[in-house]
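Here's the structure, in structure tokens; my notes come after.
Readers should treat all values here as calculations from the given coordinates under stated rules, not as data from a laboratory. As the structure is a computational prediction, the values presented were derived from the model and not from experiment. Virtual Cβ from ideal backbone geometry, glycine too; neighbours counted across all protein chains shown.
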Amino acid sequence: MSLRAFTALELPPELQQQLARLQDDLKSAVPPRSVRWVRADGIHLTLKFYGDVVPERLALLRAGLDRAAAGCAPMQLSVEGAGVFPNASRPSVIWAGVGGELEALGRLQAAVEAEAIALGFKPEDRPYKPHLTLGRVNPEARAGQPQALQAALARARGKRLGSFRPQYLSLMNSELRAGGSVYKQLYTTALAAA
């Protein structure tokens, strides 16, 4: 039995509440059921998605995360703005942006990625773009998104929702359910002392 695993920085509850308010604003701009919204308590900053991992490899992953975390100090990050991937005319993911000490975040993500590659996990084929996924647009609703979504995203573009200073890396399990993914923390390791 394998687990869908990933490494993330978790958000404080007050920031998740701010993101829930942003989601509510965006929900009012799209037709019902056109977007699968991420539950606010599950919004996190993904650093590496591993895919299916057999339980016997979790100890190796934990050790790799310990090494990655030991070389990176906590950083100040902010949540600001919103947008879509891949583009506004055919959105598939609606996201909130991440700002702040992005060079430090990049070093942490690169360390996590290097540890994963050393353990035989597939390297990411795209450059890392830090973001918080708010929702996934259903494929049948991607074409011709309403102008209201564009306007809601424009309103959110310059808005700063808050900041956080993560102290831990978290190894997470993603369990796919009918109502959306449910995330469970499998392991945490502290970032190096500042």
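Taking the Cα centre of segment 66-168 as origin, sum charge times position over the Cβ atoms of Lys and Arg (+1) and Asp and Glu (-1), and report the length of that vector in debye to the nearest 20.
The dipole magnitude comes to about 440 debye.
Given the Cα-Cα distance of Ala154 and Ala20 and 0.36 nm per residue of separation, how much length would full extension add, in nm?
46.5 nm is the gain from fully extending Ala154 to Ala20.
What is the local net charge at Val112, summed over the other residues whose Cβ is closer than 13 Å to its Cβ (Lys, Arg +1; Asp, Glu -1)?
Result for the local shell: 0.
I want the local charge near Leu169. Using Cβ-Cβ distances under 11 Å, sum +1 for each Lys or Arg and -1 for each Asp or Glu among the other residues.
0
How would Thr7, Thr189 line up from fewest to most surrounding beta-carbon atoms within 10 angstrom?
Least to most surrounded, the residues fall as Thr189, Thr7.
What residues qualify as long-range amide H neighbours of Leu47, i.e. H under 5 Å apart, gap of 5 or more or another chain, H built at 1.01 Å from N?
Placed amide hydrogens put Thr7, Ala8, Leu9 under 5 Å from Leu47.
Can you give the extra length, in nm with one decimal, that the chain gains between Ala190 and Phe49 once fully stretched, where that is 0.36 nm per residue apart less the Cα-Cα distance?
So the chain would gain 48.8 nm between Ala190 and Phe49.
Compute the length gained on full extension between Arg39 and Gln76: take 0.36 nm times their separation in residues and subtract their Cα-Cα distance, giving the result in nm to one decimal.
10.9 nm
Farthest toward the dipole's positive end in the chain, which of His44, Leu119, Pro32, given Cβ charges of +1 (Lys, Arg) and -1 (Asp, Glu) about the Cα centre?
Farthest along the dipole direction, towards plus: Pro32.
Give me the net charge of Ser181's neighbourhood, meaning all other residues with Cβ under 15 Å from the Cβ of Ser181; Lys, Arg count +1, Asp, Glu -1.
+2
How big is the Kirkwood radius of segment 3-190, worked out from every pair of different alpha carbons and given in Å to one decimal?
It works out to 17.2 Å.
Give the distance, in whole Å, between the Cα centre of segment 153-191 and the Cα centre of segment 1-66.
Each part's Cα centre sits 5 Å from the other's.
Using alpha carbons only, how many degrees (0 to 90, rounded to 10) separate the axis of helix 58-70 from the longest principal axis of the chain?
On a 0 to 90 degree scale, this one is about 90.
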